[in-house]
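Accompanying notes for the structure given below.
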Amino acid sequence: MSDEAIRELAADYVLGVLTPEEMTACAARMESDAALRDAVEAYEAMLAPVLLSAPQLPPPAGVWPSISAVLHSRQTRIAANDTDEDPKLNRWRWAAALFGALSAALAAQLIRQAVVEAEKAPTYVAVVNPGGNDPGMIIRIDADGKRALVRTIALDTPAGRTLQLWLIAGDNAPVSVAVLSGRDAQQLLLPPLAQKAGVLGAATFAISVEPQGGSPTGQPTGPVVYAGKLRLEQG
């Protein structure tokens, strides 16, 4: 067999698009054909990261009927229009249809699972305001404490100065979260302190007035003009 024929046979074998008889014959041939065996191992190694990255999840109830419908439609078109074409080409079309349908099903399942988990997960919310007046900012934090969605409502920044957001938890020194950009909404990465057990349940966010570019000391140097305590909000 030529190198190209070996590669095509190996790809067909790994993708599982050969007939049962062809699969058996290919497996038997690999015992004595080192080139074919190496080609199969190369294709398996290439596809392994894709297979390992897919979580072990049961498919939604409608997945297999959808796949069957796609394959039946393809089979009908091939039978009507492509009867004289190379059977190998038809096998690749079947493989493409199958993998396309499986990819769509997996994507739908992952999205559904992410939505369900997001709805179940608790979040923490802080309404940051200047001493009980109308809120200046709303901060919503994922339960894992890694990210915060910050929505600015009404913050007054003194001329020539900047506002800096701090996380204050228990007896720990204030930890800088970000120098605020002035945008209406932004996502921020939280410092490692926010991921420690029990921190989010007793944390406060505060905003201080700082020089342009933020505090030069790593701690608040100007007055704290906004503050708000985190509270648990069940999804």
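The values are calculated or read from the model by the stated rules, or taken from the named source; none is laboratory data. In this text, all values refer to a predicted model and were calculated from it rather than measured experimentally. Note that each Cβ is placed from the backbone with ideal geometry, even for glycine, and that neighbours are counted across all protein chains shown.
Cβ-Cβ distances below 8 Å connect the following pairs, each with a first residue in the range 1-26 that is assigned by TED's automatic domain parsing to the domain that holds residue 40 and surrounded by fewer than 18 Cβ atoms within 10 Å (Cβ to Cβ), a second residue that is assigned to a loop (DSSP other than H, G, I, E, B) and of a type in the set (Gly, Ala, Ser), and a separation of six or more residues or different chains: 23/16.
Considering (1) touching a Ser or Thr at 6+ places or on another chain (Cβ under 8 Å); (2) at pLDDT below 85, the lone condition that residue 187 does not fulfil carries the number (1). Residues in the range 125-163 that are surrounded by 13 or more Cβ atoms within 10 Å (Cβ to Cβ), modelled with pLDDT under 80 and farther than 23 Å from residue 222 by Cα: 125, 142, 143.
Name the residue that is farthest from residue 129 (Cα to Cα), counting only residues in the range 154-210 that are out of contact with any strand residue (DSSP E or B) (no Cβ under 7 Å at 6 or more places or on another chain) and of a type in the set (Asp, Glu). Checking each candidate, the answer is 171.
Screening 212, 186, 195, 219 for residues that are under 15 Å from residue 124 (Cα atoms), surrounded by fewer than 15 Cβ atoms within 10 Å (Cβ to Cβ) and either under 26 Å from the mean Cα position of the chain (by Cα) or of a type in the set (S, T, N, Q) (or both) leaves exactly one candidate, 195. Here residue 155 fulfils each of the conditions (1) in a strand (DSSP E or B); (2) in contact (Cβ under 8 Å) with a residue 60 or more places away in the chain apart from (1).
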